[in-house]
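Note sheet for the following structure.
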Amino acid sequence: MTRLTIGLCLVFALAGLSLFVGVTEIGPLDLLRGDVDAQQVQVLLASRVPRTLALVLAGASTAVAGMVMQMIVRNRFVEPSTAGTVESAMLGLLLITLFAPGLPLMAKMLVAAGFALAGTALFLRILRMVPLRDVLMVPLVGIMLGGVIGAVCTFIAYRWGLLASLGAWSMGDFSGVLRGRYELLWIAGALAVAAWFAADRLTLAAMGRDMSTNLGLNYRATVVIGLVIVSLVSATVLVSVGTIPFLGLIVPNIVSLRMGDNLRRAVPWVGITGAGFVLACDILGRTIREPYEIPIATMLGLIGSVVFLYLLLRTRHNAAA
């Protein structure tokens, strides 16, 4: 049995456990025996199964999008939430909610993706204008850009009474996921698969414009493909469940420590690790204060910040050595 198969089995085990964690008691043996009532079946099919699928799709796609962003920018400390991408998507979603609230969810997602793409392009433009002498300057520029866009979002939300919506988008939470409200995440999952098909081109693009062009790669088109994947994934996850912090940062770094920078080999592992990490954090958040629930953004923020600090200290230690 290969290690990838073992990883898939662990994710399936966590997904199975997720189905039976919650206020409504549903036991796996009771389900197998058919000893469940109509209310338990409804909870399982309308809430637990969609929530588990949403966790897997959002976790895998967000982690893969983070890795694609790192390959494009050529910096291990960048992800959509540290490059202004998520904040730009939030601005687009806020504006479309303000001026065209009746649009279908798909249309809102596309508008948010367009703003995310524009914000990411602005981030890359700023990087070309600023002398970067330190690897940590890149995420610092992204965080500052995200802070400015986030401040604009807060002002607009305050001015027109949308602070509650803005707060909900800023705090990733799967407690409201129901059947009929998560299906957009299948698009994010498909985009993660698309990233695997484009893996060789993205790996070459990570070598830089001059080197990849000399190898016959259309560098500009490859970067555009990567940015479209990142923007659509960020917008889809934002519209469906809100912001998921740190995931696109720490998971690709953990995988790259073991597997290097070959994107084709790493994408399946990044997707599996991202899905498993989100499932584990969600299960933990539902059990620590049962029957209450800690949002996934809080759990990932706590765990992710510790892992991020470790990666920073490790990078500094290796540089000093």
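Summary table below
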item: Condition check for Ala151: in contact (Cβ under 8 Å) with a residue 24 or more places away in the chain and part of a helix (DSSP H, G or I); result: no
item: Of all residues in region 32-44 being open to solvent by 70 Å² or more (accessible area, probe 1.4 Å) and of a type in the set (A, V, I, L, M, F, W, C), the one that is modelled with the highest pLDDT; result: Ala38
item: Boolean, Val11 is buried (at least 17 other Cβ atoms within 10 Å of the Cβ) and β-branched (Val, Ile, Thr); result: yes
item: Tally, over region 118-168, of residues that are within 19 Å of the chain's Cα centre (by Cα) and open to solvent by 80 Å² or more (accessible area, probe 1.4 Å); result: 1
item: Residue list for region 104-117, filter: surrounded by 15 or more Cβ atoms within 10 Å (Cβ to Cβ) and either more than 17 Å from the chain's Cα centre (by Cα) or over 17 Å from Gln70 (Cβ atoms) (or both); result: Lys108, Met109, Leu110, Val111, Ala112, Ala113, Gly114, Phe115, Leu117
item: Hits in region 83-103 - residues which are open to solvent by 20 Å² or more (accessible area, probe 1.4 Å) and among the hydroxyl-bearing types (Ser, Thr, Tyr); result: Thr97
item: Odd one out for Met71, checked against (1) open to solvent by 20 Å² or more (accessible area, probe 1.4 Å); (2) part of a helix (DSSP H, G or I); (3) at pLDDT below 90; result: (1)
item: Residue ID - farthest from the chain's Cα centre (by Cα), chosen from residues in region 231-261 that are outside any loop (DSSP other than H, G, I, E, B) and small (Gly, Ala, Ser); result: Ser256
item: Only one of Thr120, Thr97 that is among the polar types (S, T, N, Q), farther than 28 Å from Val270 by Cα and either in contact with a Ser or Thr (Cβ under 7 Å, 6 or more places away or on another chain) or at pLDDT below 85 (or both); result: Thr97
item: Breaking point among (1) in a helix (DSSP H, G or I); (2) among the hydrophobic types (A, V, I, L, M, F, W, C); (3) open to solvent by 10 Å² or more (accessible area, probe 1.4 Å); (4) closer than 19 Å to Ser47 by Cβ, for Leu279; result: (3)
item: Answer from Gly84, Gly114 - the residue that is touching a residue at least 24 places away in the same chain (Cβ under 8 Å) and either in contact with a strand residue (DSSP E or B) (Cβ under 8 Å, 6 or more places away or on another chain) or at positive phi (or both); result: Gly84
item: Filter result for the condition that a residue is at pLDDT 85 or above, farther than 30 Å from Val255 by Cβ and open to solvent by less than 40 Å² (accessible area, probe 1.4 Å), over Ser47, Ser18; result: Ser47
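The values are calculated or read from the model by the stated rules, or taken from the named source; none is laboratory data. Computed from a predicted model, the values in this text were never measured in an experiment. Counting neighbours? That spans all protein chains shown, and the Cβs are built from the backbone with ideal geometry, glycine included. Just the protein is used for accessible areas: all its heavy atoms, side chains included, with ligands, DNA and RNA removed. Shrake-Rupley method; radii C 1.70, N 1.55, O 1.52, S 1.80 Å.
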